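The values are calculated or read from the model by the stated rules, or taken from the named source; none is laboratory data. Because the structure is predicted, anything quoted here is derived from the model rather than measured. Backbone-built Cβ (ideal geometry, glycine too); neighbour counts: all protein chains shown. For accessibility, only protein heavy atoms count, side chains too; no ligands or nucleic acids. Shrake-Rupley method; radii C 1.70, N 1.55, O 1.52, S 1.80 Å.
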Amino acid sequence: VELASLAPSAFNLQPWRLIAVRSPEGRERLWRLAQQQPKVLEAPVTLIVVGDRGAWQGDNPAWGELAAMLGGAEAVKPYLAMAEALYGATTERRIKFAESNAALLAMSVVYAARCFGVEGHFMSGIDFAGIKQEFALDEDEEVVMLLALGYAEGGKVLYPRRKRQSYDELVEEV
Ligand SMILES: Cc1cc2nc3c(=O)[nH]c(=O)nc-3n(C[C@H](O)[C@H](O)[C@H](O)COP(=O)(O)O)c2cc1C
């Protein structure tokens, strides 16, 4: 997680947090709200990836840190106004802000975990509102996805890698 926390975010606002669901009781509660997908019970930990739609606001400690870097609160004001316009102006922008940044953190966790031989599996086939309520997220917070983490069981046969788009299908060069 510490490696993954190097993930970039807009204005370094880091509009995310992770809830590590590790206890058997917590995993059971989550499993019920994740369409009873077996990996939530099988994996030793599943992360709830949380995005914060309100993290562009002035109370985010990242602004204080930027002020210290720039030599005062006055210097931060234009950036704060920019962040409000870009990420706080509409509901759509707030959701995009929270989800795009938190998704980069989530993928970074998977790559970092792989460095330690740990597999990761995302889930969005879940009850977002139910998990938000069950795990007491704040009003501005939303569940972005779940990420089950654990060591692969030896001898288990995985589905073959699904077909991916080719460069030409994927990229439009302009
Ligand atoms: C955001 C996201 C949500 C996903 N949700 C689920 C899920 O709820 N259940 C599941 O079994 N797989 C889920 N997956 C896994 C995808 O089905 C899988 O990554 C895709 O089929 C490609 O397979 P591969 O990653 O094994 O190559 C999800 C993947 C992502 C990125």
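Residues of the chain were split at every exposed loop site, defined as GluC sites (Glu not before Pro) in a DSSP loop with at most 12 other C-beta atoms within 10 angstrom, and the longest piece left, sites excluded, is 3-138.
Note on segment 1-32 and segment 92-120: Cα centroid distance 9 Å, given to the nearest whole angstrom. Counting lysine pairs in the chain that sit 8 or more residues apart in sequence, or on different chains, and whose Cα atoms lie under 29 Å apart gives 7. Membrane-span-like helices in the chain, defined here as complete DSSP H runs extending at least 30 Å along the helix axis by their C-alpha atoms with mean Kyte-Doolittle hydropathy no lower than -0.5, are 91-115; this is a sequence and geometry rule, not a statement about a membrane. Restricting segment 96-132 to chymotrypsin sites (Phe, Trp or Tyr not before Pro) that sit in a DSSP loop and have at most 12 other Cβ atoms within 10 Å of their own Cβ leaves Phe116. Placing a label point 7 Å from the Cα of Leu86 along the Cα-to-Cβ direction, the residues of segment 97-112 whose backbone N falls under 12 Å of that point are 97.
For the chain, the per residue solvent-accessible surface stands at 65 Å², with DNA, RNA and ligands left out and a 1.4 Å probe.
Ranking Gln37, Leu6, Tyr87 by Cα position along the charge dipole of segment 4-170, where only Lys, Arg, Asp and Glu carry charges on their C-beta atoms, puts Gln37 farthest toward the positive end. Of the trypsin sites (Lys or Arg not before Pro) found in segment 50-157, those that fall in a DSSP loop while having at most 10 other beta-carbon atoms within 10 Å are Lys156. Out of the total accessible area of the chain (probe 1.4 Å, heavy atoms of protein only), what percent is carbon and sulfur? The value for the chain is 55 percent carbon and sulfur by accessible area. Geometric descriptor of the chain, per residue, is 167 Å³ (volume of the convex hull of the Cα atoms).
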